[in-house]
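Comments concern the structure below.
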Amino acid sequence: IVQDYIPANGLVTGKGMAAFAKAVAEGRPTTDWEDNGVVTVKGEIDMSEVEGWTGIGTADSPFKGKFNGGGFEITDLKNTSAGLFAYCEGATIQNVVLGKGCSLYYDKSYTGLGGAFGGIVSVAKETKVTDCQFGGDMDFAGTNDNDEPAYVGGIVGYADEKSTVEKSKTSGKILV
């Protein structure tokens, strides 16, 4: 499968992942990336050509669907202001693997996530995260300037009481 910006009933490239994230942020349908109603990763994804990653979903337009990483490794996600997902609400995230070369950075000057930073999901509301792995490095450079609490985690940064995280692991380095 060759994918640039054209959806292929799943995700197969970093550029495709960026196009998908943009569609979610703009509130557009994600059916072009879905396979039987689930956004599905179809093979390893190299994110090295993607710059300025801000995560999938926003506070105004959170990811609300089902996402299956298929256990395929997503590599070289770097210099981000969010994990793979920034905001999820009522979502299911499963089988996502962030690994080789992933290096995530959160600076206190970036307040778009309210002090939450997670490798897989930064903010999870009524979301189920299962069978996910984070093997990259995270550098959390402090809280918001207004001294609100900060939330950081290899899998999920902030999860509300209606969210669950199951059968997931972190093996990377987290600096706070």
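The values are calculated or read from the model by the stated rules, or taken from the named source; none is laboratory data. This structure is a prediction, so every number in the text was calculated from the model and none was measured. In this analysis, Cβ positions are derived from the backbone assuming ideal geometry, glycine residues included, and neighbour counts consider all displayed protein chains. Ligands, DNA and RNA are excluded from the accessible area calculation, which covers all protein heavy atoms including side chains. Shrake-Rupley method; radii C 1.70, N 1.55, O 1.52, S 1.80 Å.
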- Query: Has segment 127-138 got any residue that is modelled with pLDDT of 95 or more, open to solvent by 40 Å² or more (accessible area, probe 1.4 Å) and not in a loop (DSSP other than H, G, I, E, B)?
  - Reply: yes
- Message: I'd like to verify a number: residues in segment 24-45 that are in a helix (DSSP H, G or I) and farther than 14 Å from VAL12 by Cα, how many?
- Response: 3
- Which of the residues spanning segment 15-33 are open to solvent by 40 Å² or more (accessible area, probe 1.4 Å) and touching a residue at least 12 places away in the same chain (Cβ under 8 Å)? LYS15, ALA25, GLU26, GLY27, ASP32
- Subset of segment 46-72 that is among the charged types (D, E, K, R) and not in a loop (DSSP other than H, G, I, E, B) - its residue that is nearest to GLY14 (Cα to Cα): ASP46
- Identify, by number, the condition in (1) surrounded by fewer than 17 Cβ atoms within 10 Å (Cβ to Cβ); (2) over 16 Å from CYS88 (Cα atoms); (3) in contact (Cβ under 8 Å) with a residue 40 or more places away in the chain that GLU49 doesn't meet. (3)
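In this structure, does ALA159 turn out to be closer than 22 Å to GLY69 by Cβ, modelled with pLDDT of 90 or more and open to solvent by less than 70 Å² (accessible area, probe 1.4 Å)?
Values: closer than 22 Å to GLY69 by Cβ: yes; modelled with pLDDT of 90 or more: yes; open to solvent by less than 70 Å² (accessible area, probe 1.4 Å): yes.
Yes, satisfied.
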- Note on the structure: TYR105: passes all of (1) open to solvent by 30 Å² or more (accessible area, probe 1.4 Å); (2) in contact (Cβ under 8 Å) with a residue 40 or more places away in the chain; (3) part of a strand (DSSP E or B) but (2)
- Query: Restricting attention to segment 60-70, does a residue exist that is modelled with pLDDT under 90, crowded, with 23+ Cβ neighbours inside 10 Å and under 26 Å from ALA141 (Cβ atoms)?
  - Reply: no
- Could you tell me whether THR40 is open to solvent by 20 Å² or more (accessible area, probe 1.4 Å) and over 17 Å from GLU89 (Cβ atoms)? yes
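For the subset of segment 1-14 comprising residues that are buried (at least 18 other Cβ atoms within 10 Å of the Cβ) and touching a helix residue (DSSP H, G or I) at 6+ places or on another chain (Cβ under 6 Å), which member is modelled with the lowest pLDDT?
Step one: filter segment 1-14 for residues buried (at least 18 other Cβ atoms within 10 Å of the Cβ), giving 3, 7, 10-14.
The next check asks that each one be touching a helix residue (DSSP H, G or I) at 6+ places or on another chain (Cβ under 6 Å); those that pass are 3, 7, 11.
Working: GLN3: 48, PRO7: 55, LEU11: 93.
Filtering segment 1-14 for residues that are buried (at least 18 other Cβ atoms within 10 Å of the Cβ) and touching a helix residue (DSSP H, G or I) at 6+ places or on another chain (Cβ under 6 Å), the one modelled with the lowest pLDDT comes out as GLN3.
What residue, among those in segment 144-156 that are assigned to a strand (DSSP E or B), open to solvent by 20 Å² or more (accessible area, probe 1.4 Å) and at pLDDT below 90, is farthest from VAL176 (Cα to Cα)?
Initially, segment 144-156 is screened for residues assigned to a strand (DSSP E or B), giving 151-153, 156.
Narrowing further to those that are open to solvent by 20 Å² or more (accessible area, probe 1.4 Å): 151-152, 156.
So of that shortlist, the ones also at pLDDT below 90 come out as 151-152.
Numbers: TYR151: 10, VAL152: 8 Å.
That would be TYR151.
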- Item | Residues that are modelled with pLDDT under 95 and either acidic (Asp, Glu) or surrounded by fewer than 24 Cβ atoms within 10 Å (Cβ to Cβ) (or both), drawn from segment 77-102 | LYS78, ASN79, SER81, GLY99, LYS100, GLY101
- Query: For segment 22-55, which residues satisfy the criterion of being within 16 Å of THR75 (Cα to Cα) and aliphatic (A, V, I, L, M)?
  - Reply: VAL41, ILE45, MET47, VAL50
